[in-house]
Every structure is written in structure tokens, then in C-alpha cells.
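So the structure is just underneath, and the comments pick up after that.
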Amino acid sequence: MSDADKQKILDAGSWQYFELGASHMLTGYDHLLFLFGVIFFLTKFKDVFKFITAFTVGHSITLIFATLYGIQANYFLIDAFIALTVVYKGFDNLDGFKKYLNTESPNLLWMVFAFGLIHGFGLSTRLQQLPLQEEGLVWNILAFNVGVEAGQIFALGLMILLLSGWRKTQSFQSFSKLANSGLLFVGTLLFIIQLHGYSHSAYPNDFPLNRDDHHHVHEEMQAESKPSALEGYKKKILLNENAHTHGDGTTHTH
């Protein structure tokens, strides 16, 4: 959550929580990517309703109860799990279970519900970054959740319009594989980014805030993973420490 959101919510009522929930869903690209993958091949309204209901029930449970009881986790790790749900849906849409694992896909309805629980925990973790007031807490949590649903319905409406129009063109079959490969790639990229963020939050002393120092830390980490590179790195440091530049511009090394 941004500092602006934290400031805005200090004396906020239910309507402000509703707005925050809607905006958070509409800007939550990981949530939207997962939903896009879920409805990608669904053509009947009843199927869309069934799967989105399972997702909504799942994320509503963890959003409400985790926030109410103050259950938290590192938000980078939660977002990394959410990124994996995007990877999973792209892999599933590409029929990866049959092609590469020689097995049937797990029951999608239950998987969507389970992933909804993870997404809801992510939403709760973000919400708990705000200075929540005890007074009216339950109503504010519910308002936030309703806002999330409103944002979700709006986003889904646009996705359904896009997909229904796209399915009528010849390019849909040709590019459906590319689109779901994109989900797989972007989900993996988001997963790596979140793990990188987690390493900074879990080990802050190992990652200086200065950009140059930060870059050197990553160089050292990479060097440590390669013994030969580490030796070369150490020699470079020793040479720099022993090198003295004279007034005439020449460099003498001990």
C-alpha cells in the first residue's frame, strides 16, 4: 500500500475502504492475470459464474478472517505464491499436465477455490499494512472486500468482451498458445521479482540502500556462487587496495 493510501485511510469510512478495494483489484495485475487465465477458454456464462464464484468465496474467506484476526505473512512471499498461480493457469491452459506430466489436470474448480484463498491472504496482507482503526473494523473490512468484488466484476466484464470478440477471429487459435505462454512467462518473472524483494526484506543488512553498494552486493553474491569467479573478484579487490596513484598520473602496485 502506498503512503497516500495510508494517509487517506486514517479517518476513512466504509466508502473509502470500498474505493480502495476496487482500485487495488483493478491495479492488481497478478490477480487479473490469474482471472484472465481462468476464463480464457470458458464460453458459457454459467461456467464463468461457477469458477469466479469459487474464486470469490475463497479470497473473501481469507481476506475477511485473516484481517479480522491479524494473521499476517511476509507480503513478498504471498505475492510470490500468487505469481505461481498465474504460472499454474498458463501451464494448465497449455495442457501441460497431459503433455509433460502424462496425467490429468487437477479438478479446476477446487484449484480455483484454493488459489482464491491465497489471493485473499495477499489482499489481507496488503490491507493490514494500513493503520486500521478498531472502531468499525468489521464494516470497513467488508467494504474493502465488496470493493474488491466490484473491481473484479468490472475487470471481468472487459476480459469477457475482449475474449468473446477475439474468439470470432481466426487468430484466436493461432495466438491462444502464445497468450498462455505469456502467462507462464510473466508469472515466472513476477515470482522471481517477489523472491528478490523477499531477500531484501528478510536480510536488510545484506542489501545496502545505496545503489552502487547494492550492485556490488549482487556482484559478490554471484561471485560466491562461482568459486573461480570468487578468486578473480578477491584478486581484483586486493589490487585496488594495493594500488597507489602518483602525482604524475602513473600507478604503482605493491
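The values are calculated or read from the model by the stated rules, or taken from the named source; none is laboratory data. In this text the structure is predicted, and so the values were computed from the model without any measurement. Heads up, the Cβs are rebuilt from the backbone with ideal geometry, glycines too, and the neighbour counts pull from every protein chain shown. Protein only, heavy atoms only, side chains kept; ligands, DNA and RNA dropped before computing areas. Shrake-Rupley method; radii C 1.70, N 1.55, O 1.52, S 1.80 Å.
One table, with the values for the structure above:
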{"read-out": "Separation in nanometres of the label points that stand 7 Å from Cα toward Cβ, at Asp47 and Gln128", "value": "3.7"}
{"read-out": "Packing-based ranking, highest mean first, of 159-168, 25-34, 125-134 given that Cβ atoms within 10 Å are counted", "value": "25-34, 125-134, 159-168"}
{"read-out": "Calculated FRET value between Asn205 and Lys99, using beta carbons and R₀ = 35 Å, to 0.05", "value": "0.20"}
{"read-out": "Carbon/sulfur fraction of accessible area - the stretch 1-118, other protein chains in place, 1.4 Å, %", "value": "64"}
{"read-out": "Karplus-derived HN-Hα couplings along the stretch 159-168 (A = 6.51, B = -1.76, C = 1.60, θ = phi - 60°), whole Hz, x at Gly and Pro", "value": "5, 5, 4, 4, 5, 5, x, 5, 5, 7"}
{"read-out": "Gained length - Ser174 relative to Ile71, 0.36 nm times residue gap less alpha-carbon distance", "value": "32.6 nm"}
{"read-out": "Added length on full extension, which subtracts the Cα-Cα distance from 0.36 nm per residue, Ala4 to His196", "value": "66.6 nm"}
{"read-out": "Highest average packing first - 79-92, 96-109, 62-75, Cβ atoms within 10 Å", "value": "79-92, 62-75, 96-109"}
{"read-out": "Unsatisfied cross-links (Cα-Cα over 28 Å) in the set Lys50/Lys98; Lys6/Lys89; Lys8/Lys50; Lys6/Lys46; Lys44/Lys98", "value": "Lys6/Lys89; Lys8/Lys50; Lys6/Lys46"}
